[in-house]
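Before any comments, here is the structure.
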């Protein structure tokens, strides 16, 4: 990264451009290198730089307020380029902006891809924030299920907290098993959660909140509310 871009991080995040969704919509309709190259200047200046400023601002918030999340412009922002090597879909670009903040204080080394955290998403039609662990690997899934089974009262208290429900009303809506995994009692109060394959929750965000620095405070609120849930997941997989 050049010195000019480095110095830009010391400016305050002022929001994403109001035509961000228009750009993503047009990219969806023209997902090819020719169109992207002709619009690269807008992407670099109006999307990529604000995204880095946003992550940098969140990093300052997390550090100064001792909030256990990692925000790193190099690791938190998802690349717009798709890996098409093993995909039937050969469209070269993602049509969304994705930013992920891993849960935890350790900012050294590289976090595993499958780690609990909060995820911020914008595409052509929606904007949302999610928390949890999406598509855990088999060992993680086994560990989380066992932890829920063994610590059901704690887990139940976390997910039914009034503020937690208010901030994350959409929860555990992904694919699940039809039957309980082997080794669990069918009448256990956690039985429906033991069938889950994903442990993520989310809420829609009005796109207007992304147009100003107020987005920083909004994401901070969601991060704080999500901590007990993410800590439960993190503890479950920490011994793997």
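No value in this document is a laboratory result; all are computed from the given coordinates. Because the structure is a prediction, the values reported are computed rather than measured. All Cβ positions, glycine included, derive from the backbone under ideal geometry; neighbour counts span all protein chains shown.
Can you tell me the order of 85-93, 157-165, 43-51 when each peptide is scored by its average per-residue count of other Cβ atoms within 10 angstrom, highest first?
Order by mean packing, descending: 43-51, 157-165, 85-93.
Give the relative contact order (percent, whole number) for the chain; include only Cα pairs under 8 Å separated by 6+ residues.
22
In deg cm²/dmol and to the nearest 500, what is the mean residue ellipticity at 222 nm of the chain if only DSSP H runs of at least 4 residues count, each as -39500 (n - 2.57), divided by the residue total?
Rounded to the nearest 500, the figure is -11500 deg cm²/dmol.
What does the extension gain come out to for residue 46 and residue 151, with contour length at 0.36 nm per residue minus their alpha carbon separation?
Extending this stretch completely gives an extra 33.2 nm.
GNM, the chain, Cα, under 10 Å: largest mean-square fluctuation among 223, 131, 143?
Comparing 223, 131, 143 in the GNM, the peak value goes to 143.
Dividing the alpha-carbon radius of gyration of region 91-204 by 2.2 N^0.38 Å (N being the number of residues), what value is obtained?
1.18
For residue 209 and residue 22, calculate 0.36 nm times their separation in residues minus their Cα-Cα distance, and state this gained length in nm to one decimal.
That works out to 65.7 nm of additional length.
Identify which of 183, 117, 174 has the largest mean-square fluctuation in a Gaussian network model of the chain, with springs joining Cα atoms closer than 10 Å.
Judging by the Gaussian network model, the answer is 183.
What's the long-distance tail for region 57-108, i.e. % of Cα pairs beyond 14 Å?
Percent of Cα pairs beyond 14 Å in region 57-108: 60.
For the ranges 68-74, 211-217, 32-38, 191-197, what's the packing order if you count other beta-carbon atoms within 10 Å of each residue, average per peptide, and put the highest first?
Ranking the peptides 68-74, 211-217, 32-38, 191-197 by packing returns 68-74, 191-197, 211-217, 32-38.
Where both residues lie in the chain, what percent of DSSP beta bridges are antiparallel, nearest 5?
In the chain, approximately 100 percent of DSSP beta bridges are antiparallel ones.
Where the centroid of each part is defined by its Cα atoms, how far is region 175-240 from region 155-169 in Å?
Between the Cα centres of region 175-240 and region 155-169 lies a distance of 10 Å.
For region 147-240, just say rounded, prolate or oblate: build the C-alpha gyration tensor, square-root its eigenvalues into a ≥ b ≥ c, call rounded for a/c under 1.5, and beyond that prolate if a/b exceeds b/c, oblate if not.
Judged from the Cα gyration tensor, region 147-240 comes out prolate (a/c at least 1.5, a/b above b/c).
How high is the FRET efficiency from residue 224 to residue 197, r the C-beta distance, R0 25 Å, rounded to 0.05?
Working from the Cβ atoms, E equals 0.40.
Can you pull the one-decimal nm distance between simple spin-label points at residue 83 and residue 188, each 7 Å off the Cα toward Cβ?
Those two pseudo-labels are separated by 3.3 nm.
Can you tell me the equivalent ellipsoid semi-axes for region 15-237? Use √(5λ) from the Cα gyration tensor, largest first, whole Å.
33, 21, 16
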